[in-house]
Amino acid sequence: MAKVTIWHNPRCTKSRETLALLQSRDNEIRIIEYLKNPPSTAEIQNALMLLRMEPRALMRSNEAEYRAHQLDNPALGRAQLIETMHTHPILIQRPVVFANGQACIGRPPERVLEIL
């Protein structure tokens with residue numbers, strides 16, 4: 001079983017740099033292209049818990065989907081925001097790396113070294 005999991009978007013520079021950094025450290029890496037295989041709502045909830053974040057902090061507010069779904073509306077609850085991230089995974093910040101029971105967003109990529 002992989003020691004490290006990355007929610008990866010191969011079109012994202014930071015995601016590619018983070019993956020390269022992980023590979024340079026010779027880790028067993030489970031790569032999940034989350035746009036093709038969106039995380040479940042339970043996986044997103046777990047990521048939020050490990051990251052110690054609220055849903056909007058994990059969202060890319062500059063994406064068209066954020067505006068289209070009016071995700072800045074304070075009336076939207078946690079469950080609605082998580083479901084929207086599951087349905088529209090482009091909204092999820094990237095990359096998210098999981099290791100040793102912890103999680104980290106690879107921005108900058110070197111941040112992930114803290115959890116290895």
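Failed condition for Thr18, given (1) surrounded by fewer than 17 Cβ atoms within 10 Å (Cβ to Cβ); (2) touching a Gly at 6+ places or on another chain (Cβ under 7 Å); (3) not aromatic (Phe, Trp, Tyr), with all others met?
(1)
Out of Glu33, Glu43, report the one residue that is surrounded by 16 or more Cβ atoms within 10 Å (Cβ to Cβ), out of contact with any Lys or Arg (no Cβ under 8 Å at 6 or more places or on another chain), of a type in the set (D, E, K, R) and at pLDDT 95 or above. I'd like the intermediate steps shown before the answer.
Details: Glu33 fails: surrounded by 16 or more Cβ atoms within 10 Å (Cβ to Cβ).
From the options Glu33, Glu43, the qualifying one is Glu43.
Please determine whether any residue of segment 22-29 is part of a strand (DSSP E or B), surrounded by fewer than 20 Cβ atoms within 10 Å (Cβ to Cβ) and touching a strand residue (DSSP E or B) at 6+ places or on another chain (Cβ under 9 Å).
yes
I'd like the full set of residues that are free of Cβ contacts under 8 Å to residues at least 24 places away in the same chain, assigned to a helix (DSSP H, G or I) and either among the charged types (D, E, K, R) or within 24 Å of Ile115 (Cβ to Cβ) (or both), limited to segment 58-86.
Passing the criteria: only Arg67.
So if I check each of Thr87, Thr13, which one is loosely packed, with under 12 Cβ neighbours inside 10 Å and β-branched (Val, Ile, Thr)? So that I can check it myself, show each step before the final result.
On the way: Thr87 fails: loosely packed, with under 12 Cβ neighbours inside 10 Å.
When all the criteria are applied, what remains is Thr13.
All but one of (1) touching a helix residue (DSSP H, G or I) at 6+ places or on another chain (Cβ under 8 Å); (2) part of a loop (DSSP other than H, G, I, E, B); (3) surrounded by fewer than 16 Cβ atoms within 10 Å (Cβ to Cβ) hold for Arg94; which doesn't?
(3)
Among the residues of segment 31-47, which ones are assigned to a helix (DSSP H, G or I), out of contact with any helix residue (DSSP H, G or I) (no Cβ under 6 Å at 6 or more places or on another chain) and among the aliphatic types (A, V, I, L, M)?
Matches in segment 31-47: Ala42, Ala47.
One line per residue, one yes/no per condition, for (1) within 14 Å of Trp7 (Cβ to Cβ); (2) in contact with a Leu (Cβ under 7 Å, 6 or more places away or on another chain):
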residue: Glu65; (1), (2): no, yes
residue: Leu71; (1), (2): no, yes
residue: Gly77; (1), (2): no, no
residue: Ile82; (1), (2): no, no
residue: His86; (1), (2): yes, no
residue: Pro89; (1), (2): yes, yes
residue: Gly101; (1), (2): no, no
residue: Cys104; (1), (2): yes, no
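The values are calculated or read from the model by the stated rules, or taken from the named source; none is laboratory data. Here the structure is a predicted model, which means the values were calculated and not measured. No Cβ is skipped: glycine too gets one built from the backbone with ideal geometry, and neighbour counts run over all protein chains shown.
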